[in-house]
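Enquirer: Got a structure for you, questions after.
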Amino acid sequence: MNSTVPTNIPDVYKCLGLMDRYHMLPNIKDHSIVVARVAEVITDGLISAGHELSMETVIAGALLHDIGKTACLDNDGDHAVKGYEICLEHNLHAIADIIAEHVILKTYAPEKDFTEKEIVYYADKRVNHDQVVSLQERLEYIIERYGMNNEDRCRAIKKNYARCRDLEKRMFASLIFDPDNIFDLIMTKHSVLDAEAKGIMAEMPFRGECGSKS
């Protein structure tokens, strides 16, 4: 089944322009590009398996999932909420909810088909900085950085990742490759992001199953 294209989805170049407009830091931009590559590979596989998804929506949502982060670096702002607001300001309603829920899914319906929002949410949790990692490795990093040795915070983070693991299990039941194959696939498959991702990918040291842990 072919990728469906909703209206008013920003292309790669518009996304890159918005990154610059909102002063996205280079490391966050690199992270976002790798997240988009992971999301692209998964979406391509799901579309091939017969699921109806918009590749353009997934890539735009992945590239812009951290568009609100720079504005929140020096305050207690929620970068997902800020990103949602930025999308609305630019009439990007089709990806606004993806940005709003890329950290924590507010709506998750395992009995229904996959959504672009779920794919970006999952892909973000497979990339630590600009390196492809497993969910467990990303969880350990998030616990260390944001858990603050607070039992309630750590419990909430683990609950979020339990949902993500369930999503991973469901998605890969439809795919012909495993979670451990993501790194190899983004290194070898052609992508609409090849020009932007080339430098980042070239710096990724090979480490077998999931890429290199930073």
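Enquirer: Given the criterion modelled with pLDDT of 95 or more and within 13 Å of the chain's Cα centre (by Cα), identify the matching residue among 82, 169, 117. Steps first, answer last, please.
Expert: Working: 82 fails: within 13 Å of the chain's Cα centre (by Cα); 169 fails: within 13 Å of the chain's Cα centre (by Cα).
Among 82, 169, 117, only 117 is modelled with pLDDT of 95 or more and within 13 Å of the chain's Cα centre (by Cα).
Enquirer: Sort out which residues of the stretch 52-68 are in a loop (DSSP other than H, G, I, E, B) and either free of Cβ contacts under 8 Å to residues at least 40 places away in the same chain or surrounded by 16 or more Cβ atoms within 10 Å (Cβ to Cβ) (or both), and write them in order of number. Walk me through it before giving the result.
Expert: Of the stretch 52-68, the ones in a loop (DSSP other than H, G, I, E, B) are 52-54, 64-68.
Those that are in a loop (DSSP other than H, G, I, E, B) and either free of Cβ contacts under 8 Å to residues at least 40 places away in the same chain or surrounded by 16 or more Cβ atoms within 10 Å (Cβ to Cβ) (or both): 53, 54, 64, 65, 66, 67, 68.
Enquirer: Turning to a different aspect of this structure: Could you list, in sequence order, all residues of the stretch 152-191 that are of a type in the set (Asp, Glu) and in contact with a Leu (Cβ under 9 Å, 6 or more places away or on another chain)? Show your work before the answer.
Expert: Residues of the stretch 152-191 that are of a type in the set (Asp, Glu), as a first pass: 152, 166, 168, 178, 180, 184.
Residue satisfying the conditions is 168 alone.
Enquirer: Another question about this same structure. How many of the residues making up the stretch 69-110 are of a type outside the set (D, E, K, R) and buried (at least 16 other Cβ atoms within 10 Å of the Cβ)? Talk me through it step by step, then tell me what you get.
Expert: Within the stretch 69-110, the subset of a type outside the set (D, E, K, R) is 70-73, 75, 77, 79-81, 83-84, 86-88, 90-96, 98-100, 102-105, 107-110.
Subsequent filtering for residues that are buried (at least 16 other Cβ atoms within 10 Å of the Cβ) retains 70-72, 79-80, 83-84, 86-87, 90, 92, 94-96, 98-100, 102-103, 105, 108.
So the count comes out to 21.
Enquirer: While we're looking at this one, here's another question. Restricting the search to the stretch 9-38, which residues are over 18 Å from residue 79 (Cβ atoms) and in a helix (DSSP H, G or I)?
Expert: 12, 13, 14, 16, 17, 37, 38
Enquirer: Among the residues of the stretch 120-149 satisfying the criterion of being of a type in the set (Lys, Arg) and over 19 Å from residue 45 (Cα atoms), which is modelled with the highest pLDDT? Talk me through it step by step, then tell me what you get.
Expert: Taking the stretch 120-149 as the starting set, the residues that turn out to be of a type in the set (Lys, Arg) are 125-126, 138, 145.
Filter again for over 19 Å from residue 45 (Cα atoms), leaving 138, 145.
Details: 138: 95, 145: 88.
So, considering only residues that are of a type in the set (Lys, Arg) and over 19 Å from residue 45 (Cα atoms), the one modelled with the highest pLDDT is 138.
The values are calculated or read from the model by the stated rules, or taken from the named source; none is laboratory data. Computed from a predicted model, the values in this text were never measured in an experiment. Glycine gets a Cβ as well: all are built from the backbone with ideal geometry, and neighbour counts include every protein chain shown.
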